[in-house]
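Laboratory data are not the source of any read-out in this text; all were calculated from the coordinates shown. Small disclaimer: the values here were computed from a predicted structure and weren't measured.
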Amino acid sequence: MILVTGGAGYIGSHVVKQLLDLGFEVVVLDNLSTGHRQAVDARAEFVKGNIQDELTLDWLFDTYPIEGVMHFAALCLVGESVVQPLKYYENNVAATTLLLKAMARNRIANLIFSSTCATYGIPEVDILHEELPTRPVNPYGRSKLMVEHMIRDLADAQPFPFVCLRYFNAAGASPSGTIGECHDPETHLIPNVLLHLLEKKTDVSVFGDDYDTPDGTCIRDYIHVDDLANAHILALQRLLRGDKTAAVYNLGTGTGYSVTEIIGACESITGRKANVIHAERRPGDPDRLVASYEKARSELGWSPQYSLEDMVRTAWKWHLRHPGGYSADQ
Ligand code: UDP
């Protein structure tokens, strides 16, 4: 059985679905602070609780035959982390310390940790590989990097197989149309543009158009959430087989798109026109973040299968079917 913390969130819920589809048994631990109960596949066990709660963790490890843990439960907004840094250190770092302690106490190994390209900071090269220096420029990136260090230190002290996956920009939704991206407030580019095209409530803001990129808007590497999910499963299978793995893998497609290009892709796929306004730069945004996924390809046998068009198409299907997100689904 696999314990998935944060399995009611956007990426976690897609991983849970894939694990179940492959025949794994899954127990989800989520406090539903940002996740949605409806996002958790009915085939999974669900426990509402906090990773900081030692009694709940000991009970989970005692009750279920847990062979591995996927740890998604975290806060993940760069802008919020700049304004409320301690919230990030408490929820992402201190809380994970307690999860790791509980794993060590209960002799549970095999951890897959959700990390981020925000650990690199403002890179000096165009394509990022895992050996580059990590100099995060916001508390969110620092909190994730601190956890990477904690995990490595634990693995130096005792046998503790783990993999840290540094995500680039997760996008898209399950092609089934049953689960998708649903944040409140929504801050991410693709859902913001699609929700605008759906409801026309607010205009689309482009945060900064004087970056050092061809059209002046920030470039990001968007990766389909089911491609991310597949990488988690390949990493888990290696850990469960006892294969030696490297500690850290980037998960991106190797191709970057600017904010303007993303808005254009959303317009052409939906056949609708966006009202775009130009706004101030958002604090903490590097010009360009694009992954090399060569290490994940050669060591995990992973490569992304979905194109940008697939990401926008599957996200659009989700928004069309669930215009009010999960809260409107009963
Ligand atoms: N962005 C934007 N308008 C929006 C949301 C995002 O211009 O409504 C920009 C943002 O400044 C960044 C890029 O789009 O350059 C991707 O932002 P997102 O929040 O989706 O992901 P992040 O890279 O912060 O994880």
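Averaging 1/r across all pairs of distinct Cα atoms in region 43-197 and inverting the result yields a Kirkwood radius of 17.3 Å. Listed by chain and number, the lysines whose alpha-carbon sits under 28 Å from that of Lys87, ignoring those within fewer than 8 places in the same chain, are Lys48, Lys101, Lys144. With coordinates expressed along the principal axes, the C-alpha atoms belonging to region 31-93 extend over 39, 26, 17 Å, beginning with the largest.
Remark on Ile219: its backbone amide H falls under 5 Å from those of Arg288, Leu289, a criterion applied only to residues 5 or more positions apart or on other chains, H modelled at 1.01 Å from N. Taking the longest Cα principal axis of the chain as reference, the axis of helix 54-63 is set at about 70 degrees.
Averaging 1/r over every pair of different alpha carbons in the chain and inverting the result gives a Kirkwood radius of 20.1 Å. Would region 1-74 count as rounded, prolate or oblate if I go by the C-alpha gyration tensor, calling it rounded below 1.5 in a/c and otherwise prolate when a/b exceeds b/c, oblate otherwise? Oblate is the answer for region 1-74, as a/c is 1.5 or above yet b/c matches or exceeds a/b. Roughly how tilted is helix 189-199, in degrees to the nearest 10 and between 0 and 90, from the longest Cα axis of the chain? Approximately 60 degrees, to the nearest 10.
So what is the diffusion coefficient of region 161-289 in µm² per second by Stokes-Einstein at 10 °C and 1.306 mPa s, using a Kirkwood Rh over Cα pairs? Please list the in-between numbers first.
Numbers: Rh = 16.5 Å.
Here the translational diffusion coefficient equals 96 µm²/s.
Averaging the Cα positions of each part gives two centres, and for region 149-217 and region 92-113 these lie 24 Å apart. Among the lysines of region 177-330, pairs that are 8 or more positions apart or on different chains and have alpha carbons within less than 22 Å of each other number 6. Under a Gaussian network description of the chain, with springs only between Cα atoms under 10 Å, the residue in Pro139, Pro214, Pro286 that fluctuates furthest is Pro214. Scaled against the 2.2 N^0.38 Å expected of a compact globular protein of N residues, the Cα radius of gyration of region 166-226 reads 1.27. Just checking the listed ones, Asp41, Asp62, Asp287: in the Gaussian network model of the chain with Cα springs under 10 Å, the one fluctuating most is Asp62.
Compute the acute angle (0 to 90°) between the alpha-carbon long axis of helix 139-157 and the principal axis of greatest extent of the alpha-carbon atoms of the chain; round to the nearest 10°. It works out to around 30 degrees.
Structure remark: mean-square fluctuation, Gaussian network model of the chain, C-alpha springs under 10 Å; the largest value among Tyr211, Tyr89, Tyr167 belongs to Tyr211.
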